[in-house]
DNA sequence: AAGTGTTGCTAAAAACTTTCGAAACGCCCG
DNA sequence: CGGGCGTTTCGAAAGTTTTTAGCAACACTT
C-alpha cells in the first residue's frame, strides 16, 4: 500500500509543490487519483466505475462507488458560462410575512453558494409592463425564482430565449410541464385540517381560501371537500368563500360567514393571515375562540404560535421550499440534470388552541 | 533550486525594494501587481480572481483572495461611473417580520429607480469572516444599506476604499459621523409609550428592551426613564430588562417580571415581537390583557393590529425608513450632496386595546 | 505618457478516458 | 490431475479533453 500512495502523491503534488516552493497547497478538489489511492486501486479503474464501464469487479465497483459518494465527487468541468453570482427572486407582492420565509430559505442557499439574491416584487396588475424580464437580464442574472406568480407565455418566452433558468414556487396557474416547480402538499393539508375539525365533532365547517384562480387555493379547498365527503358530510358551496390570502380578505369573508343564519362552528381559513382576519371578525361579534368558533389556518407563520389563542394551522415548510427551489435553480445554472421537475414538500397539521369541540347548544339546531 | 527563487521572489523584492531603496514602501496603495508578486502569480491571474473569472484554480483563487482581503484591496480606477443597477441590503439576521418591512421600502424605491435590491444576511457571530464585503464587490454593487448592524472599522474601510456608498439603518453602535444613517425617534417613542401608561394611572411600569449594546434599545429605555422622572415616578432599574427584540426574549423577561413580588401593572415591551412574548407569558399565568396587565409594543408590525387584543404600540415607519435610506443611497451613488447625514423619522403612539386603566385592587398595595 | 486593470490567446499541466496487454481465475478435456 | 484456452479484472501507458496561468496587446483613467 505504501507504493500506491507514493504513486499518486508524486504526480499530484510533485509538480505543484516544486513550482510553488514553500507555499501552501491545500484544498484540492477531490480527484479520481485521490479516490483511487484511498480505494487501493489504480486511477483508470476509478474512471471506469465513474463511467459505468463493464470491466470492473462488482466488489471493487462497490468500494469505489462508496468513496465517490462519500467525497461528493463531481467531475470537473461543466461550468461553462461565467456566472454573475446573482439570482433573482420575484414575488407577486411583498406584503406578506409569507414572503420573508421563502426569502430566508433562498438567502440561506445563496450564502452557502456565494450567490447574491436580488428581491423584487411584480404585482399582476402592475403599471410596469412585461418589461421586467429585460430588467432582470440587464443586471445579468444567473437565474430566476418566481413566487406565486401567474406565468404568461410571453414572459416564459423571454426568459427562455435569454437562456435564463427558471424555477417557480407555488405558481398561480399550472406551469408548462418543462418548468421546474416547488410547492407543498396543499390538498393533503386541506384534508388534514378538515379531518381534524371533523374529529372534534364539527359538522358545519366553512372554508375561506385564496383567490379562485390560484392552484393552491383550489387544492386546499379540494382537500377540504374530500375530507367532508369521506366523513359523509354534505359539501355546501355556500360555505366556501374566496379571499385574497390576506388579513382583510379573511376578515371580510368571515363576517359574511358569521352572519349566516346558520353560523358555521368552524372555519378553515386557508392562510394564517386570513385566520387572523377571522379572529378579528369573531372578536367583533363577541365570539370566543375556540369555545364558539374553531379556526384552522394554513402556513404556520411564526406569529401563529404567538397569537391569542395560538393558532391551529397546517404547516407549510416555506423556508425549505425556498431553499429547495434555489437548489434546483443551482442545478439548472450548472447545466446539471434535475432529479425531478416537480418537488412537493409535505404539509403537517399543527394543533394548538384555536380548535375545540363545538358547543352542544349550537349544534343541536342542526 | 535556482528557479524556485525566481518564481516568487524575483518580481517582489528585486523590483520594489531595489527601486525604493531606503525609502518607506508602505504608503503605496496596494495594486494588483503587488498582490500578484506576493502570491507568486502573474498580474492577470489576480485580475481574474478579482473579477470572478472562471479560469483560476480553486487553490490559487483562495490564496489570492486571502491576500486581497488582508491588504484591503480596492480598485484603483476611481469611482466607476457605469452603474450596475444593483444595491445591496444587508440585514443582521433575517428572522424578523421587521426585516421585510424595511425591505419593502427599499424595494419600492428600487422599482422606481430601475434598481435591483440584493438581500443578504450577515450575523454578527457568523463563520463567514470579513470577506462579505468582497462578495459585495464581486457582483458589482452600486451601494450598500446596512440594517441593525455593528460596524467595524475594517468593514467601513473596505467599503470606503472600494468606493462603495453606504447608508446604515438603525446601526447597533454609533457610526462615524460621516456615514449617513437613518433611524426613528426612539427616545421620543419610549417617552410617548411611558406617558401613555402613566396617564392611564400606571405607576409600576416595567420595560423590556433590546440587547443592551444596541443604541436604539438604550434610546427607548432612556425615553421611558425620562417619562417616569418627569411624572415624579421613581425609576427602578430592577424593572428594566434586556431582551433580544425577539419573541423568545420578550417571553423570558416577562416571566421574570411577572414573578416579581410586586408585579408591574404595565410592560413597555420595546418591540412588537417582545410584546407578543409578554402576551404569552401573561396567558400562561392567567393574566388578562389589558385588565390585569397593560402592554405597549414598539414597531407597529402589521400583526399588531390583528393580535388579540390589538396591541397598543409605537409606530416606527419601517418602510419609509427603508425608502429614505435607499433615497439617500441613490444620491450618494450619483455623487450628489446629501441634504442631511442623519435622518430621523418620527414615531407615533398608536393606542389600541392592550392598555387600560390598572385594576384598583392591585394598585392600592403600592 | 504612465500607471492600472482587462481580455483573447496560447502553451502547459492536470484531469480524465481509452486501449491494450498481463495476471489471475476457472473450466474443460486429455 | 494438469495443462491449454477462454474469461475476467485490473493497471501501464498513451490519447483526449479541460483547466489554468501567463503573455502580450488593448482599454481606461489621470
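The mean count of C-beta atoms from other chains within 10 Å of the C-beta of residues in A:106-112, rounded to a whole number, is 3.
What the Cβ-Cβ distance of residue A:222 and residue A:340 gives, at R0 = 35 Å and to the nearest 0.05, is a FRET efficiency of 0.95. Between identical copies, the spacing of residue B:199 label points, each set 7 Å from Cα toward the C-beta atom, reads 5.1 nm from nearest to farthest. Exposure proxy ranking for A:308, A:217, based on other Cβ atoms within 10 angstrom of each Cβ and starting from the fewest, stands as A:308, A:217.
Exposure proxy ranking for A:208, A:350, based on other Cβ atoms within 10 angstrom of each Cβ and starting from the fewest, stands as A:350, A:208. Roughly speaking, what is the centre-to-centre gap between segment B:166-198 and segment A:83-118 when only Cα atoms are used, to the nearest Å? After rounding, the separation between the Cα centres reads 28 Å.
Stretch residue B:31-residue B:178 to full length: gain in nm at 0.36 nm per residue minus the Cα-Cα span?
Computed gain between residue B:31 and residue B:178 is 50.3 nm.
Distances between copies of residue A:346, taken at a point 7 Å out from Cα along the Cα→Cβ vector and listed shortest first: 5.5 nm.
Using the alpha-carbon centroid of each, what span in Å lies between segment B:276-290 and segment A:224-271? The two parts, judged by their Cα centres, are 30 Å apart. Label points for residue A:70 are taken 7 Å from Cα along Cα→Cβ. From this copy to the others they lie 3.4 nm apart, shortest first. Each of B:225, A:154 has some number of other Cβ atoms within 10 Å of its Cβ, and from fewest to most they run A:154, B:225. Take each residue of peptide A:296-306, count the partner chain Cβ atoms within 10 Å of its Cβ, and average: the result is 3. Taking 41 Å as R0, compute the FRET efficiency from the Cβ-Cβ separation of residue B:260 and residue A:291 and round it to 0.05. Using R0 = 41 Å, I get an efficiency of 0.80. Between the beta carbons of residue B:95 and residue A:57, assuming R0 = 56 Å, the FRET efficiency works out to 0.60 to the nearest 0.05. The slack between residue B:113 and residue B:42, meaning 0.36 nm per residue of separation minus the straight C-alpha distance, is 21.5 nm.
Here the spin labels are modelled as points 7 Å beyond Cα on the Cα-Cβ line, and at residue A:357 and residue A:230 they lie 2.4 nm apart. Ranked by the mean number of other Cβ atoms within 10 Å of their residues, highest first, the peptides B:284-297, A:189-202, B:235-248 fall in the order A:189-202, B:284-297, B:235-248.
Coordinate-derived values only; no laboratory data. All figures in this text were calculated on a predicted structure; none of them were measured in a lab. Ideal geometry is used to build each Cβ from the backbone, glycine not excepted, and the neighbour counts take in all protein chains shown.
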